[in-house]
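Novice: The structure follows.
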Amino acid sequence: MARRGHTLTAESRPHGAEAPAPAPIVAPALAPGLLTLARWRLLAMHREAGVGHVGGNLSALDAMMLLHHEMLTGRDRFVLSKGHAAGALYVTLWSRGLITEAELATFHADGTRLPGHPPARGLPGSRFGTGSLGHGLPLAGGLALAARLQGRDGRVFCLTSDGEWQEGSTLEALVFCAHRRLANLTILIDHNRLQGFGTTAEVASLDPIGRVLSGFDVEVREADGHDLADMRRVLTPGTGRPVVVVLHTVKGHGVPAIEGRLDSHYLPLTEEQVREAMLGSAMLGGATGETA
C-alpha cells in the first residue's frame, strides 16, 4: 500500500485559535511483527495496571493499528467512540512513537494523562473525552460536516462498539450523517457481539447489523476485523454517502483463555494468561492476518 503523510498533534491550543501547520510524519505500512508487538504491550500494560476491559481492546486493536499506520493523514480525524478501548489507542500511539514507553507505565495511575477512557486534550489526535457510549458518532458527524463547510479535505474515522448502537443518540447521529450525505465520514463497528451484560443479541438485538443500518441510506461494507488485507479493501473512501464498516471481530482476540468470553469485558488478566498468550501460536503474525 502506498505510503501517505500522517500528522498527529496534541490538541492543547486555546479554543478558537488557529492550529500551527505541523511537520508531516510519514507513516509506513503496518510492518510485519508490529501488530503482535503492540498486542503484547497492551497485555502487559493492562496486567501491570491491574485493570480489565482487555477483551474489547483486543477486538479493536487491529483496526486501530491499521488506521494509524496506513490510513490517517494530517488532514484526517479519528474519534474513538468506544472509550473503554483507550488502552488499544495508547499502545497504537506508542507504536507510532507518539507516546513513550515510560508513559505507558503510568496507564490508569493517579495523575496520568493515560486514563481508562481517552482524555479530551493533551494526547496526539485526541479531541474529545469519549466515555459514555453513544457520544462519539455525534461528535464525528460534527467534525465531518465542519470540514465540508470549511472546504477542508480529509476524512473522519469513528470507531464504535456494537453495543452502543442500542443508544438512541448513535442512531439519531446516523440519521443526521446520512441526511447530510457526509461522504467524508467512515464509521467502523467493532462487532464482537459481546457487551457488559451479555451478548448483543440477548440485550437488544440489531442482527444483522449491516442490513439494519443499510436502511439509513449509508454505504455498508463488511470485513474480518482481524484480517488486514480485508480491512484495507473496505476502508476506501465513500462515493456520496457515509460509509459504515462492520468489522467482524472476536472479543479477547489472541488470548485463548478469554476469546469470546463475557468476563473479558471486565476482569483483568492473570500473569499465567498473559504468559500463555505471548507464547501461544494465536499470537503469531500468520494467525492474525498481519502479513496479508
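Novice: Could you say which residue among Leu213, Leu235 is surrounded by 13 or more Cβ atoms within 10 Å (Cβ to Cβ), under 22 Å from Ala85 (Cα atoms), in contact (Cβ under 8 Å) with a residue 12 or more places away in the chain and out of contact with any His (no Cβ under 9 Å at 6 or more places or on another chain)?
Specialist: Result: Leu235 is the single residue among Leu213, Leu235 that is surrounded by 13 or more Cβ atoms within 10 Å (Cβ to Cβ), under 22 Å from Ala85 (Cα atoms), in contact (Cβ under 8 Å) with a residue 12 or more places away in the chain and out of contact with any His (no Cβ under 9 Å at 6 or more places or on another chain).
Novice: Something else now. Run Asp110 past the list (1) open to solvent by 40 Å² or more (accessible area, probe 1.4 Å); (2) within 23 Å of Leu247 (Cβ to Cβ); (3) in a loop (DSSP other than H, G, I, E, B) and report the number of the one that doesn't hold.
Specialist: Asp110 satisfies all of (1) open to solvent by 40 Å² or more (accessible area, probe 1.4 Å); (2) within 23 Å of Leu247 (Cβ to Cβ); (3) in a loop (DSSP other than H, G, I, E, B) except (2).
Novice: Could you please give the count of residues in region 137-170 that are open to solvent by 50 Å² or more (accessible area, probe 1.4 Å) and of a type outside the set (Gly, Ala, Ser)?
Specialist: 9
Novice: Could you count how many residues in region 179-189 are more than 19 Å from the chain's Cα centre (by Cα) and open to solvent by less than 10 Å² (accessible area, probe 1.4 Å)?
Specialist: Here the count works out to 1.
Novice: Which of the residues that make up region 247-274 are modelled with pLDDT of 80 or more, open to solvent by 50 Å² or more (accessible area, probe 1.4 Å) and either within 20 Å of Thr160 (Cβ to Cβ) or not basic (Lys, Arg) (or both)? Give the derivation first.
Specialist: Going residue by residue through region 247-274, those that are modelled with pLDDT of 80 or more are 247-259, 261, 267-274.
Applying the additional criterion that residues be open to solvent by 50 Å² or more (accessible area, probe 1.4 Å) yields 248, 250, 256, 259, 261, 267-268, 270-272.
Of everything in region 247-274, those that are modelled with pLDDT of 80 or more, open to solvent by 50 Å² or more (accessible area, probe 1.4 Å) and either within 20 Å of Thr160 (Cβ to Cβ) or not basic (Lys, Arg) (or both) turn out to be His248, Val250, Pro256, Glu259, Leu267, Pro268, Thr270, Glu271, Glu272.
Novice: Given the conditions (1) assigned to a strand (DSSP E or B); (2) buried (at least 22 other Cβ atoms within 10 Å of the Cβ), which single one is not true for His226?
Specialist: Single failed check for His226: (1).
Novice: So, one more: Checking Val244 against (1) over 19 Å from Gly163 (Cβ atoms); (2) of a type in the set (Val, Ile, Thr); (3) assigned to a strand (DSSP E or B), which single condition isn't satisfied?
Specialist: (1)
Novice: List the number of the failed condition for Leu133; all other conditions in (1) at pLDDT 85 or above; (2) surrounded by 14 or more Cβ atoms within 10 Å (Cβ to Cβ); (3) part of a loop (DSSP other than H, G, I, E, B) hold.
Specialist: Result: Leu133 passes all but (1).
Novice: Another one. So the check is Cβ under 8 Å with 6+ separation or different chains; which pairs have a first residue in region 77-94 that's closer than 22 Å to Ala147 by Cβ and a second one that's surrounded by 24 or more Cβ atoms within 10 Å (Cβ to Cβ) and small (Gly, Ala, Ser)?
Specialist: If the second residue must be surrounded by 24 or more Cβ atoms within 10 Å (Cβ to Cβ) and small (Gly, Ala, Ser), the pairs left are Arg77/Ala140; Val79/Gly136; Val79/Ala140; Leu80/Ala86; Leu80/Gly136; Ser81/Gly136; Ser81/Ala140; Ser81/Ser161.
Novice: Which one is nearest to Met278 (Cα to Cα), of the residues in region 54-73 that are at pLDDT below 95 and touching a Pro at 6+ places or on another chain (Cβ under 9 Å)?
Specialist: The selected residue is Val54.
Novice: Name the residues in region 49-77 that are surrounded by 21 or more Cβ atoms within 10 Å (Cβ to Cβ), of a type in the set (A, V, I, L, M, F, W, C) and more than 16 Å from Gly225 (Cβ to Cβ), would you?
Specialist: Val54, Leu72
Novice: Here is a follow-up. Counting just the residues of region 91-107 that are touching a strand residue (DSSP E or B) at 6+ places or on another chain (Cβ under 9 Å) and in a loop (DSSP other than H, G, I, E, B), which one comes out least open to solvent (accessible area, probe 1.4 Å)?
Specialist: Ile99
The values are calculated or read from the model by the stated rules, or taken from the named source; none is laboratory data. Not measured: the values here are computed from a predicted model. Every residue, glycine among them, receives a Cβ derived from its backbone with ideal geometry; neighbour counts consider all protein chains shown. Only protein heavy atoms, including side chains, enter the accessible area calculation; ligands, DNA and RNA are left aside. Shrake-Rupley method; radii C 1.70, N 1.55, O 1.52, S 1.80 Å.
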